[in-house]
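Here's the structure we're looking at; comments come further down.
The values are calculated or read from the model by the stated rules, or taken from the named source; none is laboratory data. Remember, it's a predicted structure, so these values are computed and weren't measured experimentally. Please note: Cβ atoms are built from the backbone with ideal geometry, for glycine as well, and neighbour counts cover all protein chains shown. Note: accessible area is taken over every heavy atom of the protein model, side chains too, but ligands, DNA and RNA are not part of it. Shrake-Rupley method; radii C 1.70, N 1.55, O 1.52, S 1.80 Å.
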Amino acid sequence: MIREILPPETALAFEAMRALRTHHASLDEFVHRVDDEQRSQGYRLVGAFDDDGRCTAVAGFRVIRNLAWGDCLYIDDLSTLPEARRRGHARALLDWCLEEARRLGCDQLHLDSGVEPEREDAHRLYFNAGLRITSYHFAREAAP
């Protein structure tokens, strides 16, 4: 089952999100970050749930508007528990996000993905879902 995760249920996404965002070690800090900081910026969560009600995969996304892409649904986070991978959860979340992008009148759907070798399965999923590489993403630390 795919459904949006709203407050006060944000904690349901923590375990699945930690599979990707391992630096978030505290459940309370995660919930605070999402509910008190990111949601006010338009961040939303959608989860894939198993029959026992456990969130096995999660997508965090927001609508962004810019000159380059117009109105775009941007997926910040897409993560699946290791033991739940290769069962179609992430693909179902991508499909849900694409439908939500259409519903919201977005012109495009975007996401960034790391280039480490362990991301190859994720990249294969993105290509199979019709996404393509359209640009380089550059970054650096702000601190000297």
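Here are the numbers for this structure:
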quantity: Note, ³J(HN,Hα) from phi for the stretch 79-94, Karplus 6.51, -1.76, 1.60, rounded to Hz, x at Gly and Pro; calculated: 9, 10, 4, x, 6, 10, 6, 6, 10, x, 5, 5, 5, 4, 5, 4
quantity: Intensity falloff of the stretch 12-63 expressed as log10 I(q)/I(0), Debye formula with alpha-carbon point scatterers, at q = 0.14, 0.25, 0.27 Å⁻¹; calculated: -0.35, -1.02, -1.13
quantity: Among ALA19, ALA57, ALA90: highest mean-square fluctuation, GNM of the chain, C-alpha pairs under 10 Å; calculated: ALA19
quantity: Backbone N under 19 Å from the ARG132 label point (7 Å along Cα→Cβ), restricted to the stretch 93-109; calculated: 98, 107-109
quantity: Estimated FRET transfer efficiency when R0 is 22 angstrom, pair ILE2-ASP121 (beta carbons, to 0.05); calculated: 0.60
quantity: Placed amide H near HIS110: partners under 5 Å, 5+ positions off or other chain; calculated: LEU73, TYR74, ILE75
quantity: LEU104/ALA143 FRET efficiency (R0 35 Å; Cβ-Cβ; nearest 0.05); calculated: 0.45
quantity: Directionally averaged projected area (convex hull, Cα atoms, the chain), nm²; calculated: 9.8
quantity: In sequence order, calculated HN-Hα J values of the stretch 7-13 (Karplus, 6.51, -1.76, 1.60; Hz; x Gly/Pro); calculated: x, x, 9, 3, 4, 4, 7
quantity: Protection-proxy order for peptides 46-54, 69-77, each taking the mean of Cβ atoms within 10 Å per residue, highest first; calculated: 69-77, 46-54
quantity: Amide H contacts of ILE5 (H built 1.01 Å from N, under 5 Å, at least 5 apart or other chain); calculated: LEU45, VAL46, GLY47
quantity: Area accessible to solvent at THR134, 1.4 Å probe radius, in Å²; calculated: 90
quantity: Whole-number percent relative contact order across the chain, with pairs defined as alpha carbons under 8 Å at least 6 apart; calculated: 21
quantity: Cα-projected label distance for ALA25 with ASP77, points at 7 Å along beta-carbon direction, nm; calculated: 1.7
quantity: Within the chain: Cβ-based charge dipole about Cα centre, in debye rounded to nearest 20 (Lys, Arg +1; Asp, Glu -1); calculated: 440
quantity: Isotropic mean projected area of the C-alpha convex hull, the stretch 40-124 (nm²); calculated: 6.5
